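Below is one structure, written out as structure tokens, with a few remarks after it.
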Amino acid sequence: MEFSLTEDQRLFCDSVASLARKELAQGALARAHAPEFPRDVARLLAGHGLFGITIAEVDGGSGGTLTDAVLAIEQISRVCPRSADAIAEGNFGAIRVLAQFGTADQKRRFLAPLLKGDEVIAVAMTEPDAGSATTDLKSAAVPDGSGFRVSGSKVFPNPHADQYLVYVRYGPGLEGIGSVMIRRGVPGFSIGEVSTFMSGANWAPIYFDDVYVPPEDVLLPAGGFRKQISGFNAERIGNAARSLAYGQYCFDAARDYAKTRKQFGRPLCEFQGLQWKFADMKIRLDAARLLLYRAATNADRGLPAPDETTIAKLACNQTGFEVANEALQIMGGLGYTQETLVEYCVRRSRGWMIAGGSIEMMKNRLAEFIFERHFSQRPPRTDRTEKT
Ligand SMILES: Cc1cc2nc3c(=O)[nH]c(=O)nc-3n(C[C@H](O)[C@H](O)[C@H](O)COP(=O)(O)OP(=O)(O)OC[C@H]3O[C@@H](n4cnc5c(N)ncnc54)[C@H](O)[C@@H]3O)c2cc1C
């Protein structure tokens, strides 16, 4: 068992940190308050080889490990939390699903522009009546010649993306679910009223009205749901890493503040009531980080294990938000203003307790690993009433 970074990992962290200080420190506050994805940062980071870290070189990535991608998120977040979104987008989630399951042609048309930071992808999974119950999704893919016609609607994705990885239903049940790639602006595709999350980022409903999907744009045919979700575990590691990194950012900001801010004639760090808060926060950050590194390290270049991912996401989501919130408290009125990024980190990390599998759904999942059985969340079937 080894609990420290390797020499290569340390050097990698140093180089990402130095890039972040040089290129991203300036403008960090403004970036956090911009509703749109930071495309300029995506191009910059892609140009420095920080996109597709875990994707094979033959597919345009750098063939690194999931842990490298987590370390990149941590280093970027320390300087510019919002820019960590670009690292998440370029390394976790949809981009990984495309790299894992896309055809060579799909990789050329969809993956390549993502890896350069030229295009942005969003996952369109959630529907008005299918949130936590993802498999209730209704967006239908109906055969039309060798392709499909997709109709339905999605909620919550980034409305400014160029391409959407859309979960669709080819037929009934779990086995009827798969996914297709749909480009923004194709006939039948429309975006509803743009709204704003508590984080300040935009979202909007997306509508598909008989959108034609050629056969070459089918990512996963019927029966692909489990593969899709196994890819989604990588997205959960990215989600967990950002939560933790935001908590760390706020911890560092509050620690620096407590060293210099004086009340009652002494620095805040001399008050035992605050020292104990820092001690508790430090333990929680370290513990969550170990769980995150375990999930990422064990996955190496493959997909992370569902149980370790679930535990890491739960620990990092809760720790990230609660530490950020406690750090805000320690910084008093200043922490509550938009003069620092602490309030942004609190608002933003709150969302990851819902997105990518809510805290409650993750705990349901963990209970299944603990008891080694499936617990259906659905009501008992009425057709099972006993005959008398
Ligand atoms: C910041 C953010 C970004 C997002 N980005 C995207 C995106 O890019 N693409 C996309 O498709 N979606 C996205 N989503 C949507 C997200 O995936 C859903 O919000 C999430 O799956 C929960 O669904 P819901 O909002 O419909 O809540 P519901 O499913 O209606 O749940 C409401 C509450 O009930 C709880 N609950 C539900 N079922 C159970 C149960 N069986 N046991 C215990 N508790 C339960 C939930 O945990 C939650 O607290 C995003 C959401 C957020 C907040």
(request) Using a Gaussian network model of the chain whose springs link C-alpha atoms within less than 10 Å, name the residue from Phe110, Phe264, Phe148 with the highest mean-square fluctuation. (result) Phe264
(request) For Glu57 and Ser358, calculate 0.36 nm times their separation in residues minus their Cα-Cα distance, and state this gained length in nm to one decimal. (result) 105.0 nm
(request) Evaluate E = 1/(1 + (r/R0)^6) for Leu290 and Arg266, where r is the Cβ-Cβ distance and R0 equals 25 Å; express this FRET efficiency to the nearest 0.05. (result) 0.15
(request) Just subtract the alpha-carbon distance of Thr382 and Asp40 from 0.36 nm times their residue separation and send over the number in nm, one decimal. (result) 117.6 nm
(request) Could you tell me what percent of the accessible area of the chain is made up of carbon and sulfur, with a 1.4 Å probe and every protein chain present? (result) 54
(message) So if I place +1 on the C-beta of Lys and Arg and -1 on the C-beta of Asp and Glu, and nothing else carries charge, what would the dipole magnitude of the range 225-313 be about its Cα centre? I want it in debye, nearest 20.
(response) 180
(request) Quick one: among Leu244, Leu66, Leu29, which has the greatest mean-square fluctuation in a GNM of the chain with alpha-carbon springs under 10 angstrom? (result) Leu29
(message) If I stretch the segment between Ala112 and Arg21 completely, what's the gain in nm (0.36 nm per residue apart, minus their alpha carbon distance), one decimal?
(response) 30.0 nm
(request) Give the cross-link partners of Lys277 among the aspartates and glutamates, using a straight C-alpha distance below 15 Å as the criterion and excluding same-chain residues fewer than 8 apart. (result) Asp252, Asp256, Asp286, Glu322, Glu326
(message) List residues of the range 165-197, by number, whose backbone nitrogen lies under 11 Å from a label position 7 Å along Cα→C-beta of Asp209.
(response) 188-191
(request) Have a look at Gly47, Gln106, Leu66 and report the one farthest towards the positive end of the charge dipole of the range 1-130, computed about the Cα centre with Cβ charges (Lys/Arg +1, Asp/Glu -1). (result) Gly47
(request) Roll a 1.4 Å probe over the protein heavy atoms and report the accessible area of Trp203 in Å², nearest 10. (result) 50
(message) Explain nothing, just the number: relative contact order of the chain, from Cα pairs under 8 Å at least 6 residues apart, as a whole percent.
(response) 15
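How do Ser15, Ser199 rank by accessible surface area computed with a 1.4 Å probe, from largest to smallest?
My answer, sorted largest first, is Ser15, Ser199.
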(request) Over the chain, give the accessible area per residue in Å² for a 1.4 Å probe, as an integer. (result) 47
(request) Enter the angle in degrees (range 0 to 90, nearest 10) between the Cα long axis of helix 272-299 and the first principal axis of the Cα atoms of the chain, meaning the one along which they spread out most. (result) 40
(request) Return the FRET efficiency for the residue pair Glu175, Ser195: r is the Cβ-Cβ distance, R0 is 30 Å, and the value is rounded to the nearest 0.05. (result) 0.35
(message) I need the GluC sites (Glu not before Pro) found in the range 298-375, filtered to DSSP loop residues with at most 12 other beta carbons within 10 Å of theirs.
(response) Glu339, Glu372
(request) Compute the distance in nm between two label points, each set 7 Å from the Cα along the Cα-to-Cβ direction, one at Glu368 and one at Tyr336. (result) 4.2
(request) Using a 1.4 angstrom probe on the protein heavy atoms only, line up Arg149, Arg108, Arg169 by accessible area, largest first. (result) Arg108, Arg149, Arg169
(message) Springs between alpha-carbon pairs under 10 angstrom, Gaussian network model over the chain: which of Ser243, Ser83, Ser358 fluctuates most?
(response) Ser358
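The values are calculated or read from the model by the stated rules, or taken from the named source; none is laboratory data. Fair warning: this is a prediction, and the values are worked out from it, not measured in the lab. A quick note on method: Cβ atoms are made from the backbone with ideal geometry, for glycine too, and the neighbour counts reach across all protein chains shown. The area values use the complete protein model at the heavy-atom level, side chains included, leaving out ligands, DNA and RNA. Shrake-Rupley method; radii C 1.70, N 1.55, O 1.52, S 1.80 Å.
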